[in-house]
1. Return the only residue of Leu144, Leu149, Leu84, Leu80 being at pLDDT below 90, crowded, with 19+ Cβ neighbours inside 10 Å and not assigned by TED's automatic domain parsing to the domain that holds Ala32.
2. If you go through segment 88-129, how many residues are within 21 Å of the chain's Cα centre (by Cα) and modelled with pLDDT under 80?
3. I'm trying to understand the selection: among the residues of segment 169-191, which are without any contact (Cβ under 8 Å) to a residue 60 or more places away in the chain and assigned to a loop (DSSP other than H, G, I, E, B)?
4. Under the condition of being surrounded by fewer than 13 Cβ atoms within 10 Å (Cβ to Cβ) and polar (S, T, N, Q), which residue from segment 229-281 is nearest to Thr193 (Cα to Cα)?
5. Could you run through segment 85-115 and say how many residues are part of a strand (DSSP E or B) and at negative phi?
Amino acid sequence: MEDILIPKERHDAVVLIGVDERDSVEFVRVYAVSEERAKQVLEEFFNARGLFPTEYRLVSKGSEPVGNRKAITTRSEPSLSSALSRLGLKLLSNGVLYLEGVETLYQITLVSEELYSMITRDKARSQPSAEDRKGIEPESLLSLGVDTLVENLSGRDISELLPPNALLLREPPVEKVAEVLSEERDYPLVVETKDAGKYASLDFALFVRLPPLTVEEFAAELSSRLGMDVDPSLFSRYPPKKLNMQNARALAGLVEALVKKWGLDREKALKLAVKLNLEGL
């Protein structure tokens, strides 16, 4: 039984955990070559650590393709490690799971009731203290693999932040979301919207709000797209709803069109584009 806790090379299953500064296990993920083996390893791990299943909540389970991964270890899961670190947890494992000849993995993910309470929608909406928020970036929570409502006002592409088996729906009908949430699933659901209120009647494990870009972030994004320095003060009058990635892309396209069609230099084209983008003719 104690063997399950010893870090070593493995070929059937591996256990990844998130522990706090007291070495308390707040997050558990098992990857295994089959559902049966995953459940067996999870039980062995709980018994060996003296943990009680009733103190943990199942948030994700099911099969996922191995893809290009050669092994599963803490180093192969950088997004998960980052997400846990921002919650004050350290990612550890009981070794390395080699994936040679394996095409599909089964995973089971659980979080402690305490951690679950901290990241649920009600907690997120209750205006946590500065200490609660310290070091936690909303984007980092998306890799946890739970049903999540994302109010994306920044226009960032969140698809690469999600677990590979997540179902991402953008502005879906409420009825469709309710149907999926009520189903027995082996994948997490992520709903992306600009109006979280539409889904207020539904229960998600996690609510994440990605706020509009700051004028500095917006200017930096535009600078990158245009290949020139853009002064953030140009956007001091912009309403928050226009400070997003899509509008930065649109504004850059407008600048390029003014340069190409009207022969304006880029500085004049940018100032005119900002005026047209904000006020129109």
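1. Only one candidate passes the filter, namely Leu144.
2. 13
3. Glu171, Pro172, Pro173, Glu183, Glu184
4. Here the answer is Gln246.
5. The total comes to 16.
For every residue, the table says whether it meets (1) over 26 Å from the mean Cα position of the chain (by Cα); (2) touching a residue at least 40 places away in the same chain (Cβ under 8 Å); (3) surrounded by fewer than 21 Cβ atoms within 10 Å (Cβ to Cβ).
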{"residue": "His11", "(1), (2), (3)": "yes, yes, yes"}
{"residue": "Asp20", "(1), (2), (3)": "no, yes, yes"}
{"residue": "Arg29", "(1), (2), (3)": "no, yes, no"}
{"residue": "Asn47", "(1), (2), (3)": "yes, yes, yes"}
{"residue": "Tyr56", "(1), (2), (3)": "no, yes, no"}
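The values are calculated or read from the model by the stated rules, or taken from the named source; none is laboratory data. Just so it is clear, the structure is predicted and the values come from calculations on it, not from any experiment. Please note: Cβ atoms are built from the backbone with ideal geometry, for glycine as well, and neighbour counts cover all protein chains shown.
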